[in-house]
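Visitor: Below is a structure I'd like to ask you about.
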């Protein structure tokens, strides 16, 4: 028994390390940057307040539009049974793992100055629309976050009790009454947390604002932090901006968590593509408008980019392929570290009575913290003991692993919870605890979820353009950074083809690990 207790303690020890690690990465990194600049306390001026206003404005507009669009789209998808519906729902998640730099190019090809939309507008005699500034940032934010909101809402539609839908249909409850009695309670439960998560993602977006910001009037806090560190070398200013961003996010998030109902999207991870619920819901021709809109908005830009840049891949310089190799290596290590941290945190969460609420708090801590400040905090701590050649890849791996944790946990926590519910009492009766339980029971059962999380972490890390922009040295670069440099030097043909290469590698990594998980499950 002592041996089992030792293994329980080892398991708890890894959980404690993971929690301390996350706390340092979030609160600790801000404190380190602030401590480094303690003699130069910085008060925000009018320009920084304008930056704060624009950051909140673009995040609020983006998150509201995402949720408003997700409601009719998710409802249309859920209540209509059509060919390839299951595949369509799965493909809906692809923009989420889509590299940011590639997404920017795909949107520019459609909405840019010489893009498809502006070409048509010019032919019809209308003035062109500008993709730079607020409009461009909002469009990209919607492109990335709409699939997340649709996924959450699909899960919520799925969890409406069938008895309610049957009763509403038998009583011929329609229109406003149907919305008030059936749909509104579900939306009130799911929308606050969904809105909060998307708001946090939008407020901390760096690459989008850096490339499409369009000048000082369209600068976000993340970009201002980057500029303070890179151009001004002003740690006081960076820590002040990061602290404000963190406080704003935490105030909003804590309010939503403690004053909204449980997020039902947390409880279920499987969508019944052709569920019983959809049989009792009234259908409408308008549904097809929303389904077609989702297809056009999410997939046409991707296909257009691939069509434009695919054949140019064969003419890319060797430096691009070397950058791609760097990205793959960093992505695999980042994904592995993220999975290890997520499993350690899962072990902590499953022992809590209200795990979903603590999970949301941890996710918000991570999403509310600037990745640039995380990297800077670690850099200041480690720069005296590690060379830049070692430190830069290490920072990229650690920061990307940390930022992918909320999404990995959303996959792993329900899987581990289900295993605990199914086999926990039997394992206790057989005196199987700690690492033995994980090795013999939990790991084989949840390996598909682990593999999926690994693929997700690799894809997110592969497409990241964040910390590497701050700490790149000499000729070392990742593929997203190489694309950004090509874009800044106006080598658009190579940049577009490199973006297509990045898409191919991202999806290959994601599908590879997902396939390995499914293959293991069939053993």
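The values are calculated or read from the model by the stated rules, or taken from the named source; none is laboratory data. A quick note: this is a predicted structure, and the numbers were derived from the prediction, not measured. A quick note on method: Cβ atoms are made from the backbone with ideal geometry, for glycine too, and the neighbour counts reach across all protein chains shown.
Visitor: Filter segment 281-326 down to the residues that are exposed (fewer than 15 other Cβ atoms within 10 Å of the Cβ) and part of a loop (DSSP other than H, G, I, E, B), then identify the one that is modelled with the highest pLDDT.
Guide: 317
Visitor: Would you please name the residue that is surrounded by the fewest Cβ atoms within 10 Å (Cβ to Cβ), looking only at residues in segment 68-82 that are modelled with pLDDT under 85 and assigned to a helix (DSSP H, G or I)?
Guide: 79
Visitor: Here is a further query. Can you name every residue in segment 366-396 that is part of a helix (DSSP H, G or I) and either free of Cβ contacts under 8 Å to residues at least 60 places away in the same chain or surrounded by fewer than 20 Cβ atoms within 10 Å (Cβ to Cβ) (or both)?
Guide: 380, 381, 382, 388, 389, 390, 391, 393, 394
Visitor: Quick one: how many residues across segment 478-499 are modelled with pLDDT of 90 or more and assigned to a loop (DSSP other than H, G, I, E, B)?
Guide: Qualifying residue count for the region: 1.
Visitor: Looking at 464, 475 in this structure, which one is within 18 Å of the chain's Cα centre (by Cα), assigned to a loop (DSSP other than H, G, I, E, B) and modelled with pLDDT under 90?
Guide: Result of the check over 464, 475: 464.
Visitor: List the residue pairs whose Cβ atoms are under 7 Å apart, where the first residue sits in segment 115-130 and is at positive phi and in contact (Cβ under 8 Å) with a residue 24 or more places away in the chain, the second is in a loop (DSSP other than H, G, I, E, B) and surrounded by 13 or more Cβ atoms within 10 Å (Cβ to Cβ), and the two are 6 or more positions apart or on different chains.
Guide: From residues that are at positive phi and in contact (Cβ under 8 Å) with a residue 24 or more places away in the chain, there are no pairs.
Visitor: On the given criteria, is residue 444 surrounded by fewer than 19 Cβ atoms within 10 Å (Cβ to Cβ) and in the same structural domain as residue 512 (by TED's automatic domain parsing)?
Guide: Spelling it out, residue 444 is indeed surrounded by fewer than 19 Cβ atoms within 10 Å (Cβ to Cβ) and in the same structural domain as residue 512 (by TED's automatic domain parsing).
Visitor: Now a separate question. Consider residue 348 against the criteria (1) assigned to a helix (DSSP H, G or I); (2) within 22 Å of the chain's Cα centre (by Cα); (3) at pLDDT below 80: it satisfies all of them except one. Which criterion is unmet?
Guide: Looking at each condition in turn, residue 348 falls short on (2).
Visitor: Would you mind telling me which numbered condition in (1) at pLDDT below 80; (2) surrounded by fewer than 20 Cβ atoms within 10 Å (Cβ to Cβ); (3) within 30 Å of residue 193 (Cβ to Cβ) residue 360 fails?
Guide: (2)
Visitor: Turning to a different aspect of this structure: Somewhere in segment 42-50, is a residue surrounded by fewer than 19 Cβ atoms within 10 Å (Cβ to Cβ), free of Cβ contacts under 8 Å to residues at least 12 places away in the same chain and outside any helix (DSSP H, G or I)?
Guide: Yes, segment 42-50 contains a residue that is surrounded by fewer than 19 Cβ atoms within 10 Å (Cβ to Cβ), free of Cβ contacts under 8 Å to residues at least 12 places away in the same chain and outside any helix (DSSP H, G or I).
Visitor: Please verify whether segment 8-15 includes one or more residues that are surrounded by fewer than 13 Cβ atoms within 10 Å (Cβ to Cβ), modelled with pLDDT of 75 or more and farther than 21 Å from residue 379 by Cβ.
Guide: Scanning segment 8-15 turns up at least one residue that is surrounded by fewer than 13 Cβ atoms within 10 Å (Cβ to Cβ), modelled with pLDDT of 75 or more and farther than 21 Å from residue 379 by Cβ.
Visitor: Looking at 416, 396 in this structure, which one is under 16 Å from residue 348 (Cβ atoms), in contact with a helix residue (DSSP H, G or I) (Cβ under 7 Å, 6 or more places away or on another chain) and assigned by TED's automatic domain parsing to the domain that holds residue 344?
Guide: 416
Visitor: From 98, 88, which residue is out of contact with any strand residue (DSSP E or B) (no Cβ under 8 Å at 6 or more places or on another chain), surrounded by fewer than 17 Cβ atoms within 10 Å (Cβ to Cβ) and assigned by TED's automatic domain parsing to the domain that holds residue 148?
Guide: Answer to the selection: 88.
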